[in-house]
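Q: Questions regarding the structure given below will be posed in turn.
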Amino acid sequence: MLKLISIIIPVYNEEGNIAPIYDALRTQFSVLGADFDYEIIFINDGSCDNSASQIDILIQKDFRVKMIEFSRNFGKEIATTAGLHHAVGDAAIMIDADLQHPPELIPKLVAKWQQGFDMVIGVRQNNETESLIKRFGSIVFYKAMKLIGETKIASRTTDFRIIDRKVIDAFKGFGEHNRITRGLLDWLGFKKDYIYFTARPRQSGQASYSKMKLIKLALSTFVSHSLFPLKFAGYLGILIIGFSGPLGLFIFIDKYILTDATGLNFSGPAILAVINMFFTGVILSCLGLIALYIADIQGEVTNRPIYIVRSKKNFDHNQ
Ligand code: UDP
Ligand code: MG
């Protein structure tokens, strides 16, 4: 049976890459043969160059090419989300426009999908083209996410992946605004497999994620996937109470019950400092308590699907 595969390409100022990626995809689909058809969805994420007219040229000659144009730049994560919302294929492949994700691997992705994997994820082996700072930043980010994040985002996994229709439909259940597409896909579960690739240098144009934009993305991911920073205040508070409480008690007993029998002679300011510390601890631990409530509210407002069904068996006879 003919299988339709939706190719999802977020585009932000990629005028030089549109034609090359289209040609590369065509080549790969001719390798795949007559069993597979494709639709190519370009999401023009508010480009200010000629990307849109380049895509228009393709639309003129190939009815399988489609374009969603955003009113302004919303970022890659929202662009891929829109692509997934509009895909009608039996599976979707997300790929960057700059040819850093090798299109030659598409037959391999498709083969694994056909073997029964719901999601086959491209894992970047190394990226010589990335600056040391960016590489270091990404290591720190993934390590921190692993340690304190509630959603597991595996390191070096990329957006370059094929996902089955089941996963696309489940993905539509997410309503959150602040999102990392692959983080949400990872959250969904399903049967996964991985392929490995070496990212090539960008074909043309410039990487649009500046360091500042990446830091902002990393921070907002922390905030939306982890309440650890807020809970940390709570832990700190408990620690301070645990230290200053017994100390205060000791001073009290020493001063008023043993009437300075130990000879330590705590001064007035010292006693004040301990009392002050104790109440700081109380305030901080209350903040931690608030974090628990916020966690609860955050869980409700993001309105994630409560559960994800992979398949249902033997339900039809009831209908
Ligand atoms: N992109 C996008 N919106 C943005 C920034 C980037 O749609 O605001 C697209 C871009 O056109 C490319 C992909 O996302 O297809 C990856 O972007 P980039 O190459 O700049 O990121 P990097 O390779 O550094 O991860
Ligand atoms: Mg790139």
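Q: Using only the alpha-carbon atoms, how far is helix 18-32 inclined from the longest principal axis of the chain? Give it as 0 to 90 degrees, nearest 10.
A: Taking the Cα atoms of the chain, the angle to 18-32 is about 70 degrees.
Q: On to the next question. Angle, helix 228-252 long axis vs. longest principal axis of the chain, Cα atoms, 0 to 90°, nearest 10?
A: Its long axis makes an angle of about 10 degrees.
Q: Measuring from centroid to centroid over Cα atoms, what is the spacing of the range 231-277 and the range 1-61 in Å?
A: One Cα centre to the other: 69 Å.
Q: Let me ask something additional. When ranked by the protection proxy of mean other Cβ atoms within 10 Å per residue, highest first, what sequence do the peptides 94-105, 227-238 form? Write down the numbers at each step before the final one.
A: Details: 94-105: 21.7, 227-238: 16.6.
Ranked from most to least packed, the peptides come out as 94-105, 227-238.
Q: Could you go through the range 290-303 in sequence order and give the Karplus-derived ³J(HN,Hα) for each residue, using 6.51 cos²θ - 1.76 cosθ + 1.60 with θ = phi - 60°, rounded to whole Hz, and x for Gly and Pro?
A: 4, 4, 5, 5, 4, 4, 5, 5, 4, x, 6, 6, 5, 6
Q: Which value in nm describes the separation of the simple spin-label points at residue 31 and residue 286, placed 7 Å from the Cα toward the beta carbon?
A: 6.4 nm
Q: If you roll a 1.4 angstrom probe over the protein chains with everything in place, what fraction of the accessible area of the chain belongs to carbon and sulfur, to the nearest %? Walk me through the numbers on the way to the answer.
A: Working: 10760 of 17420 Å².
Ligands and nucleic acids excluded, carbon and sulfur reach 62 percent.
Q: I'd like to check one number: the per residue accessible area of the chain, probe 1.4 Å, reported in Å² as a whole number. Walk me through the numbers before you get to the answer.
A: Numbers: 17420 Å² over 319 residues.
Spelled out: the 1.4 Å probe surface of the chain, per residue, equals 55 Å².
Q: Taking only Cα atoms, what is the 0 to 90° angle, nearest 10, from helix 76-86's long axis to the longest principal axis of the chain?
A: 50 degrees
Q: Hey, with R₀ at 45 Å, roughly what FRET efficiency would residue 316 and residue 235 work out to, going by the Cβ-Cβ distance, to 0.05?
A: Details: r = 52 Å, r/R0 = 1.14.
FRET efficiency, residue 316 to residue 235: 0.30.
Q: I've got another one for you. Given contacts defined as C-alpha pairs under 8 Å and at least six residues apart, what's the relative contact order of the range 186-319, whole-number percent?
A: Values: 67 pairs, mean separation 44.1, N = 134.
This gives 33 percent for the range 186-319.
Q: Moving to a separate point now. Residue 77: accessible area at probe 1.4 Å, nearest 10 Å²?
A: Result for residue 77: roughly 20 Å² accessible.
Q: For residue 56, what charge total do you get from the other residues with a beta carbon under 13 Å from its beta carbon, if Lys and Arg give +1 and Asp and Glu give -1? Display every interim value, and only then the final one.
A: Details: positive: 61, 66; negative: 15, 62, 69.
Its environment carries a net charge of -1.
Q: What figure in square angstrom, to the nearest 10, would you give for the accessible area of residue 86 with a 1.4 Å probe?
A: 110 Å²
Q: Out of all DSSP beta bridges in the chain, what portion is antiparallel? Express it as a percent rounded to 5. Intermediate values should be presented prior to the final figure.
A: Numbers: 8 of 32 bridges.
Antiparallel: roughly 25 percent of the beta bridges in the chain.
Q: Using a Förster radius of 22 Å, what is the FRET efficiency between residue 61 and residue 193 based on their Cβ-Cβ separation? Nearest 0.05, please.
A: Numbers: r = 35 Å, r/R0 = 1.59.
E between residue 61 and residue 193, to the nearest 0.05, is 0.05.
Q: Also, quick follow-up: Using label points projected 7 Å from each Cα along Cα→Cβ, tell me how many nm separate residue 177 and residue 250, to one decimal.
A: My value for the distance between the label points is 5.1 nm.
The values are calculated or read from the model by the stated rules, or taken from the named source; none is laboratory data. Source: prediction; values computed, not measured. Neighbour counts are summed over all protein chains in view; Cβ atoms, including those assigned to glycine, are modelled from backbone coordinates with ideal geometry. To get the accessible areas, we keep the full protein, side chains included, count just its heavy atoms, and leave off ligands, DNA and RNA. Shrake-Rupley method; radii C 1.70, N 1.55, O 1.52, S 1.80 Å.
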